[in-house]
Amino acid sequence: MKVTEHIEKAKGETLFSFEIIPPQKGKSIQELYDNIDPLMEFKPPFIDVTTSREEYIYVDKGNGLLDKKLTRMRPGTLGICASIKHKYQVDTVPHLLCGGFTQEETEYMLVDCHYLGINNVMALRGDAMKDEQSFVPKVGGNNYAVDLVAQINQLNHGKYLHDVMDIDNKADFCIGVAGYPEKHLEAPSLQTDLKRLKEKVDAGADYIVTQMFFDNSKFFEFVKKAREMGITVPIIPGIKPIAVQKHLQILPQIFRIDLPEDLINAVEKCKNNAEIRQVGIEWAIQQSIELKAAGVPVLHYYSMGKSENIRQIASKVF
Ligand code: FAD
């Protein structure tokens, strides 16, 4: 079932969902299942699986020289989606990136999704690679998420690349895109970023999942502005609990988001990581309760491969 159909079926009830990261190359998928198992009691109608950008690694050649190799450290998004769908009978949402993929490769991935009965995808541009100053699309790839949305939408109309028509086997993807309550880090203003978001919706996006935020008023303001701009699709808040002290520096640095003073003070008073985790859990519970009361369609948690804090939050909210 599509994400939007799950939302319609819930008739105003807030749903629980979460996002997982594929294991590092060489690690077992069992680790992932062990983290998913405790969350299944909250009946997520869909689970997102992220895709990582490729990165350069340096391999010791043994003669004092290093070989520069391009690799993807967390491959397997689509395989994981298929295996979770099969094991838990739940819908899965693979994240598709512009970065690192040609349109041709994207089409193959979409064809695989279609064969596997996966009809939800999250269309993202992706960030710059670690050693790049700014995002550079692969030659023959999509430049922005809006271009990826347009490509997926073409498939929904039975139009494949190179004018190969296959009307009888149209895809029917429900397309999610990213939204940024505190604006995307490269956008010159929130208003400009919202215009870009509207372009993604106009190109065929069916719903929006937001970047993490820690101050609900930023989300409410974002939704208000999006609605004023004519964006009518469901907007799903993304929630991440703080878990370690260094999140206070890392999260604002990576995502250009602000952390509320009360949260910073509470974390700074903690004597150890267990206390910080608890502060993060309590904060996320309060955020979730308020968002649920405001009638958000889904609460979407960034699990970052750890489920215990998400389980504790969900047990107080759902
Ligand atoms: P876009 O919508 O393309 O926007 C990127 C920037 O370009 C914005 O500043 C926008 O304002 C601007 N822009 C858009 N269109 C135009 C245009 N036509 N001309 C000029 N400027 C334009 N990253 C991963 O690597 N893997 C993941 O699995 C992943 N999952 C995510 C899930 C969610 C819910 C979110 C919120 C983010 C996720 N990301 C993921 C991060 C995401 O890839 C980055 O935030 C990336 O920098 C932007 O992606 P986007 O799809 O929002 O890009």
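The values are calculated or read from the model by the stated rules, or taken from the named source; none is laboratory data. None of these values were measured; they are calculated from a predicted model. Counting neighbours? That spans all protein chains shown, and the Cβs are built from the backbone with ideal geometry, glycine included. Note: areas computed on protein heavy atoms with side chains; ligands, DNA, RNA excluded. Shrake-Rupley method; radii C 1.70, N 1.55, O 1.52, S 1.80 Å.
Inside region 187-210, residues that are farther than 22 Å from PHE173 by Cβ and not in a loop (DSSP other than H, G, I, E, B) make up a count of 6.
Return yes or no: is THR51 of a type in the set (S, T, N, Q), within 16 Å of the ligand (Cβ to nearest atom) and modelled with pLDDT of 95 or more?
Yes.
Cβ separations smaller than 8 Å between residues 6+ apart or across chains give the following pairs from region 294-318 residues that are touching a residue at least 40 places away in the same chain (Cβ under 8 Å) to residues that are surrounded by fewer than 16 Cβ atoms within 10 Å (Cβ to Cβ) and among the small types (Gly, Ala, Ser): GLY295/GLY12; PRO297/ALA10. Answer with yes or no whether LEU155 is modelled with pLDDT under 95 and in contact with a Leu (Cβ under 6 Å, 6 or more places away or on another chain). So LEU155 passes the test.
Identify the residue in region 155-177 that is in a strand (DSSP E or B) and touching a strand residue (DSSP E or B) at 6+ places or on another chain (Cβ under 6 Å) and, among all such residues, is farthest from the ligand (Cβ to nearest atom). Ranking the candidates gives CYS174 first. Against the list (1) without any contact (Cβ under 8 Å) to a residue 24 or more places away in the chain; (2) open to solvent by less than 30 Å² (accessible area, probe 1.4 Å), the condition ASN272 fails is (2).
Among the strands (runs of 3 or more DSSP E) confined to region 44-104, the ones with at least 2 residues that are open to solvent by 40 Å² or more (accessible area, probe 1.4 Å) and touching a strand residue (DSSP E or B) at 6+ places or on another chain (Cβ under 6 Å) are located at 55-60, 66-71.
Please tell me if ILE239 is at pLDDT 95 or above and under 23 Å from the mean Cα position of the chain (by Cα).
Values: at pLDDT 95 or above: yes; under 23 Å from the mean Cα position of the chain (by Cα): yes.
Considered against the rule, which asks whether it is at pLDDT 95 or above and under 23 Å from the mean Cα position of the chain (by Cα), ILE239 comes out as yes.
Residues in region 240-260 that are closer than 18 Å to LYS292 by Cβ and away from the ligand (no atom under 11 Å from the Cβ): PRO241 only. Residues considered: VAL317, VAL296. Of these, the only one that is within 21 Å of VAL3 (Cβ to Cβ), touching a Lys or Arg at 6+ places or on another chain (Cβ under 7 Å) and among the β-branched types (Val, Ile, Thr) is VAL317. On the given criteria, is MET122 within 23 Å of ASP48 (Cβ to Cβ), touching a residue at least 40 places away in the same chain (Cβ under 8 Å), within 13 Å of the ligand (Cβ to nearest atom) and surrounded by fewer than 20 Cβ atoms within 10 Å (Cβ to Cβ)? So MET122 does not fit the description; no.
Within region 196-224, being within 11 Å of the ligand (Cβ to nearest atom) and more than 20 Å from the chain's Cα centre (by Cα) holds for no residue. Beta carbons closer than 7 Å, at least 6 apart along the sequence or on distinct chains, pair a first residue in region 219-234 that is within 15 Å of GLY176 (Cα to Cα) with a second that is open to solvent by less than 70 Å² (accessible area, probe 1.4 Å) and β-branched (Val, Ile, Thr) for ILE231/VAL201; VAL233/VAL201; VAL233/ILE208; PRO234/THR4; PRO234/ILE7.
Scanning region 1-43 for residues that are within 18 Å of LYS292 (Cα to Cα), touching a residue at least 24 places away in the same chain (Cβ under 8 Å) and either assigned to a loop (DSSP other than H, G, I, E, B) or polar (S, T, N, Q) (or both) returns THR4, GLY12, THR14, SER17, LYS43. Against the list (1) open to solvent by 30 Å² or more (accessible area, probe 1.4 Å); (2) under 20 Å from ALA203 (Cβ atoms); (3) more than 13 Å from the ligand (Cβ to nearest atom), the condition TYR144 fails is (3). Contact annotation: residue pairs with Cβ atoms under 9 Å, 6 or more positions apart or on different chains, pairing a residue in region 193-217 that is closer than 14 Å to ALA150 by Cα and of a type in the set (D, E, K, R) with a partner that is more than 11 Å from the ligand (Cβ to nearest atom) and open to solvent by less than 10 Å² (accessible area, probe 1.4 Å), are LYS198/ALA226; LYS198/ILE231; LYS200/ILE175; ASP206/VAL3; ASP206/ASN120; ASP206/PHE173; ASP206/CYS174; ASP206/ILE175.
Applying the criterion of at least 3 residues that are among the hydrophobic types (A, V, I, L, M, F, W, C) and farther than 30 Å from GLU199 by Cα to the helices (runs of 4 or more DSSP H) found wholly in region 221-318 leaves 261-268, 273-293, 308-317.
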